[in-house]
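Every read-out reported here was derived from the displayed coordinates using simple, explicitly stated rules and does not represent laboratory data. Keep in mind the model is a prediction, meaning the values are calculated, not measured. Here the Cβ positions follow ideal geometry from the backbone for every residue, glycine too, while neighbour counts run over all protein chains shown.
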Amino acid sequence: MDSQCVSTLPRVCGVLLESGSSLPDDTSLEKLLDWFTTIAQTGASLLEACPCLVDFVSKVAFNHASGSSILSFTLKLTGLIGTSEDGFKVLKECSVLKLVFNPHHWQEAGLWGDPCLRIGWIQGLKMILQHSEALSFFAQEDLIEPLLQLQTDSSLFVASAANQTLAQVLLLCQSLSSVGHNCSKNRYLEHNSVSIETTQNYSGIITRVSEYLNKSVVLKEISQLPGCQQILRLLAMLLVQVGPPLRDTLLLAVMNSLEELVTTSCSQLTVPLMDVILAANSGLRDDFVPKQRLIRLLWVMLNMKKPAIVMQAAAAVLHSHHSDPTFSAHSARVLLLPLDIVTGVSLLDENSTEEELRILITEQLKRKSCISMICVCLSNIPQITLMASDHLPCPQRLIVTAVLMLLRLCCVDSSSSSAGCVEVVRFITGNSKVQKCALEALLVLSKSPGVKMVLVDVFKVLTEYLNSPSSDPSVLQKSYQAVIKWVGVCPDLSCITDQLREGFIQAVRKRACDTRWEARDSTVEFLGHLGGAPSCRSFTEQETEPSDVFLGGCSFTVPLLKEALQDPESYVRASSISALAQTLTPSWQEGAALTQEQEDIVTRLQEVLFQDSEGFARRAAVKYFIAWLSACSSPSSCWLLMQSVPTVLSQGVNDLDWEVKLHTLELAELLLDQAFPDPSPSHPYAVMSDQAHRLHIAGQQSDLLSSLKDLVDRGVVSALLCGVVDCDRPVALKACQLLLKLRGVVCPVMGNAADTRVFCQLAEGSVMQQVRKIQAMGKDTYVVSEACSEADKEGICASVDPERVGVCEVLRLLDLDEKLSILTQSSDHIYNSPLSLLQDILTAAAASSQPGRDLHQELVMDCY
Amino acid sequence: MKLYCLSGHPTLPCNVLKFKSTTIMLDCGLDTTSVLNFLPLPLVHSPRLSKLPGWISKDGSINLEKRELLDLSTIDVILISNYHCMMALPYITEHTGFTGTVYATEPTLQIGRLLMEELVNFMERVPKAQSATCWKNKEIQRMLPGPLKDAVDVWTWKRCYSMQEVNSALSKVQLVGYSQKVELFGAVQVSPLSSGYSLGSSNWIIQSHHEKVSYVSGSSLLTTHPQPMDQSSLKNSDVLILTGLTQMPTANPDGMLGEFCSNLAMTIRAGGNVLVPCYSSGVIYDLLECLYQFIESANLGTTPFYFISPVANSSLEFSQIFAEWLCHNKQTKVYLPEPPFPHAELIQTNKLKHYPSIHGDFSSEFRQPCVVFTGHPSLRFGDVVHFMELWGKSSLNTVIFTEPDFSYLDALAPYQPLAMKCVYCPIDTRLNFHQVSKLLKEVQPLHVVCPEQYTQPPLTQSHRSDLMLELQPPPMPYRRCSVLNLPFRRRYERVYILPELANSLVPSEVKPGVSVATVSAVLQSKDNKHTLQSVPKAPPVAPSKKRKRVMEEPPVTMAPKPLLSGAVPLEAFLATLQKHGITEVKVEETADGHILHLQAEDTLIQLEEDGTHIVCDNNEPLRATLRDLVLRFLQKL
């Protein structure tokens, strides 16, 4: 820790003691605590580092005048100090511990009612509960009582923290008693008497907790509901965290209450109750007696008379990956039941045990609440598909059929009716929530085996949705995603008939002209994804592109996307640019000849870069060139690309949007990598004669020279030099890294001879200014610096044109390493340092203590 | 109260309500779907149409769906709810002996006039030398092809009216404003309410002092150009007559508008033309407004839009001047001042041009690709016929149907085979079933009367039980030619009492807050108003020496007998009887009260809720005593 902080801290403590509650910015306390935590975590003793803290803590504890935020802070700080056994001892010796963690002390002071203080108490307590000393203290002071009271505190934050602390207490009991059993021979031998005492403590605590849980897991009247929910959450957490002997004890303690609670069939308790039952069930030994009782409980939950509860319970079973296949199979049946009833597709065979549930669910489906029930059913289909096929009630293909039927029923324009529940149709028709859930399910189902038979149906339904005037944009987006997903699993697309294709093309064409930009955007994105989708093989072993099959290929897609480049909505423009890149990538990879259309696109993209008012479109435009450059098999032979790169670089690096600049630098990086590919690692034992070595160097020099000249000509170097002085840190950082890379490649090889000098034109004067500034800072700097010689100086000064610089010279002159180290630090590293925090507290306190200053004004300033 | 239903078309209603001695016709819509049986009337000679085998293009008449269910001359008033529902007006008011008044709002009258003018113009500018009627003979009709063979009542189909008849009919219209109360013969009061469907469209309240009938026709809850619907005034109706719901219950107008725009843009981008057959007022304003916003975003800035109709200019201009009938948003624009509809700007910037017909200026300025809005939506007459012939052969062009009144497949039949793309985007902003059930829940009428079509799901979507009215009690359905007895009886009539008569009353309180007085007066009924006047005092008898004649004697005005009220409490009465020496009383309980048998006197006293009888033979003193005892317990008025 830095000495300045050490010297400032006592003063800060003094200020905190004095200021009471009038600290203007209470986040500073949080920051202070964070800082102390980091100190403690590094292994250093907090008390050694900051000896003044104990004094501070004891003063606050005896002085009630402090505000609740300071008190809360102090409680947490006490906990932090007590985390280490040494710190704990010190606190105990100066009798702070007893006072601070005594709830009566705070109750008498009338401060316990403040949740802020209670949470400080709990968190402080949780922090010290790391060692046996603390647990003994906890037991001796009988802190279990107040902690249990806080489990159902009116403040949710307090209750939740109390839950976690209780879990911590039990875990500590568990670990210490196991240590006590195993290691009593060596370490705890001398503390034998203590050990017995502690063991008694533990069992006392555990008994107390068990009693408490048993008493609290009840629901006699509705006012107990929130408390009951909280206790069930606690119980589920405990059952997940604690290990066997303790777990069994807890389970046995609450078993009766749980059985009683299940019979209340209160729907609000279903989820927490299932969490408890499933947590109790997982990893339970078969010989454990209550296992049968737990299994029975699970069956009771899954056979309730309330369909909503049964569905929730079944969903919980599926999500928990319950090991017993009978349960998951039953749950899957329950969850598929609504789909079966609504669509009339018989997913489930006749099963008399479900007859009653079927009647109940059918009744429920005639009400408006059917929407949520169907959605629960659909959203669990992913879990169902994960099940082994022999546990599934029906082949997955049938589920696909049912989902398709449901989608048809939901579509406003289709007139199909089902053999299923007729009453439900009025609620689900045109309901976009059900539509989205069903499409989501369809997405997942694309991986099902044997779906080839329904392929045509899937595309028909999706086309229907894309065509329907009443489809919500989000539904359209999901439909497009489903098309892409199903195209991906198609073994071949020969099943796509002309009629289907015609309908599909019409729909896409129409959506590209939709009045809602979201719909246009999804359409354009879809075209891109389809263009980028992997090709499939047909029976004739001919490769077919999905976009060719569906839309007739680029001749359809590209004009549509070109049109979208003019869209008034910037998101759509951006998406269309990315989609064009995706669509054209295959032709770039093949090195196909350029078309007039592509030339038009490039012209348009340059317009976008120069004129578009929105960043999204400009970012996409730069990325288009990145995609092109990386896909192009031989970039240098593509004249259009090479011609446009300098423009993109010079425009992009001067953009107002930092992301555009960053992407531009990525483009520059690509060019850099292509110019200087990673040298193949030279043979470690290769021997090279002196002459050969010299020749080699000379060859390298000329290669490098031409590459560097190329880079300069394309504007890469000037873009980097422009970027390195950019005010946006990520941009400057990236440019700096790239320049360092360039320096690493170029400078060691290139000599200083005049014939190897490469000059670079700089449009912006900024980097020039900086270079000149370095020069002006005194010749000593670079005379001392071995990296630059006299020739460099000439290189800069001798150039006739003041805007021209020598590349190598600049690279050596700019202190790139120093720049990099500055740039890698986060921009707020100064303002976030502990010292700055301490000083802030002092200044704020000083300012507020000055008479006549308006505190509120200060606060307002702080907010901004 | 009776309702005569003259039209079976739910959106073109024509009902007659007889209510308190008035005969009120509610709307007179004209169902023109029968024109679909005829060939289109081309503006220029069409070799294709004239060469169709077995078809001769020469007839063009209109079906008037009216049955002589009642004598039209007896109708006192006609209430018009919107301009689409008044197209049959000349058939009702002319040559029928009609002498009543027609009530409508100003925009309804003006735009209705435009639509009628347009119809007459469409018909008259392609005059026919002769009209065929022989085919209407049953024998011949039987042999005709297709739907014509099955058409019923072809003899009732009438020729289109003339401009002269239109003017005469419209001269009988009296203008009313929203919420204005119009009294009909003192018997009922009618007043129009904003219905939110079109400019000046209205629902009507027909009420007497104790009864209220609401007539809801063509209403909309969507925010389009007209003033929003007035729902609250419909509350507490005894009967609500519900007509004019949307014809497209499954098509959401917003979705359709979007569909319209995207199809339009798609066609124009591909270099094709778009034809929109539409009425010259109504939805077209919304279409133009929607396009105004869409043009820029779809890069359609240079595409010309043409609106061709004999009344195009008037329609566009009228819409701008009816500011008070517009929605709040548009009204506020007027104060800026700005034209309320953006089509003014489209016209100014030359993006929208309007012409009376394809002849003249239009032919010289016509530029393709373009968008043409023109009538008639049936595709049987009007300029649209020309464009169908012109553009039908190219698959680049699109015809977009937006009016829901005609089946687009039937409308297209005579133009087949057709290469042109057809898109059906029916835009009907009228109430859908969901909105109606909400509305009815809100206004809670006692009874609902509606066309029978609304009481079952549409034929094509029989599984959609949500596309029908489900009410408790169930609505009363009507069909063409039915006569409904509306299910409520008038029980009360308001009677006025003159001040001097009121002054002379002596009320006596029968229970707290309720006082009763007896009135003797003369009831005068005039103009369906009833007044109680004081009984004229007998003129002072002139001293006359003449011998009085019985005849001349003024009627002796005897003071009316006092009225009794109250009940005889049994216990107290028995006690009183006992006090008067009557002890042997046998009390028998009956359904209505008690029978007291005075055994010694052999007398019966029947105490009932609304009467007391004393039965004793020939013992007048006892009867009088008993009567007086009973009277002690009763109040006299």
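Amide H of B:Cys422: which non-local residues (sequence gap of 5 or more, or other chain) have their own amide H closer than 5 Å, using H built in the peptide plane?
B:Val399
Project the alpha carbons of the range B:396-452 onto their principal axes and report the range along each, largest first, in whole Å.
Its Cα atoms span 53, 21, 11 Å along the three principal axes.
What's the extension gain from A:Glu350 to A:Ser379 if we count 0.36 nm per residue and subtract their Cα-Cα distance?
Contour length minus Cα-Cα distance gives 8.0 nm.
Which Rg and Dmax, in Å, describe the Cα atoms of chain B?
Answer for chain B, Rg first and Dmax second: 35.0, 118 Å.
In which sequence would B:Lys172, B:Lys138 go, from the one with the fewest C-beta neighbours within 10 Å to the one with the most?
B:Lys138, B:Lys172
Per residue of the range A:34-47, what does 6.51 cos²θ - 1.76 cosθ + 1.60 with θ = phi - 60° give for ³J(HN,Hα)? Whole Hz please, x for Gly and Pro, Karplus curve as stated.
Coupling constants for the range A:34-47: 4, 4, 4, 4, 5, 4, 5, 6, 6, x, 6, 7, 5, 6 Hz.
Beyond a 27 Å Cα-Cα separation, which of these cross-linked pairs lie in this structure: A:Lys31/A:Lys661; B:Lys330/B:Lys353; B:Lys18/B:Lys438; A:Lys447/A:Lys562; B:Lys212/B:Lys438?
Distance filter (> 27 Å) returns A:Lys31/A:Lys661; B:Lys18/B:Lys438; A:Lys447/A:Lys562.
Across all directions of projection, what mean area in square nanometres is found for the Cα convex hull of the range B:253-424?
9.8 nm²
What are the lysines whose alpha-carbon lies under 20 Å from the alpha-carbon of A:Lys433, with same-chain residues fewer than 8 places away excluded?
Cα-Cα hits under 20 Å: A:Lys366, A:Lys368, A:Lys478.
In Å and from the alpha-carbon atoms only, list the Rg and Dmax of the protein assembly as shown.
Cα radius of gyration and Dmax of the protein assembly as shown are 46.6, 174 Å respectively.
Determine the relative contact order of chain B: mean sequence separation of Cα pairs under 8 Å and six or more apart, normalised by residue count, in whole percent.
13 percent
Under 20 Å between alpha carbons, and skipping anything fewer than 8 positions from B:Lys636 in its own chain: which lysines qualify?
Here the lysines satisfying the reach criterion relative to B:Lys636 are B:Lys511, B:Lys561.
Suppose R0 equals 25 Å; then what is the FRET efficiency for A:Asp86 and A:Gln41 from their Cβ-Cβ distance, rounded to the nearest 0.05?
In this case the efficiency is close to 0.95.
Could you tell me the relative contact order of the range B:564-636? Use alpha-carbon pairs under 8 Å, at least six residues apart, and round to a whole percent.
Reported relative contact order: 32 percent.
Place +1 on the Cβ of every Lys and Arg and -1 on the Cβ of every Asp and Glu in the range B:253-424, take the dipole about the Cα centre, and give the residue among B:Gly392, B:Ser297, B:His343 whose Cα lies farthest towards its positive end.
B:Gly392
For a quick check: sort A:Thr152, A:Thr595 by the number of other beta carbons within 10 angstrom, fewest at the front.
Lowest count first: A:Thr595, A:Thr152.
Enumerate the lysines that A:Lys92 could reach by cross-link, defined here as Cα to Cα under 24 Å, with residues fewer than 8 away along the same chain left out.
The reachable lysines, counting only those whose Cα sits under 24 Å from A:Lys92, are A:Lys59, A:Lys76, A:Lys126.
As I understand it, the value is the acute angle between the Cα axis of helix B:312-321 and the longest principal axis of the Cα atoms of chain B; what does it come to in degrees, rounded to 10?
The angle comes out near 50 degrees.
Using only Cα atoms, find the angle between the long axis of helix B:570-579 and the longest principal axis of chain B, and express it within 0 to 90 degrees, rounded to the nearest 10.
Result, in degrees: 10.
Pairs of alpha-carbon atoms within less than 8 angstrom and 6+ residues apart define the contacts here; what relative contact order does the range A:19-108 have, in percent?
Reported as a whole number, the value is 32 percent.
If you take every residue apart from A:Cys5 with its C-beta less than 15 Å away from the C-beta of A:Cys5, what net charge results, scoring Lys and Arg +1 and Asp and Glu -1?
-2
Calculate the translational D of the range A:458-528 in whole µm² s⁻¹ from Stokes-Einstein, where the hydrodynamic radius comes from the Kirkwood formula applied to all Cα pairs, the temperature is 20 °C and the viscosity 1.002 mPa s.
D = 176 µm²/s.
Go through B:Thr625, B:Val585, B:Gln599 and say which Cα lies farthest out towards the positive end of the charge dipole of the range B:564-636; charges sit on Cβ, +1 for Lys and Arg, -1 for Asp and Glu.
B:Thr625
Can you give the calculated 222 nm mean residue ellipticity of the protein assembly as shown, where each DSSP H run of n ≥ 4 adds -39,500 (n - 2.57) and the sum is split over every residue, rounded to the nearest 500 deg cm²/dmol?
After summing the helix terms and dividing by the residues of the protein assembly as shown, the value is -15500 deg cm²/dmol.
From the backbone phi of the range B:507-517, what are the Karplus-calculated ³J(HN,Hα) couplings (6.51 cos²θ - 1.76 cosθ + 1.60, θ = phi - 60°) in whole Hz, Gly and Pro given as x?
Along the range B:507-517, the couplings run x, 10, 7, 8, 8, x, x, 10, 10, 10, 9 Hz.
How far apart, in nm, are two points set 7 Å out from the Cα along the Cα-to-Cβ line at B:Gln606 and at B:Asp361?
9.2 nm
For chain B, take the longest principal axis of its alpha carbons; what is the angle in degrees between that and the long axis of helix B:106-124, to the nearest 10 within 0 to 90?
Result, in degrees: 50.
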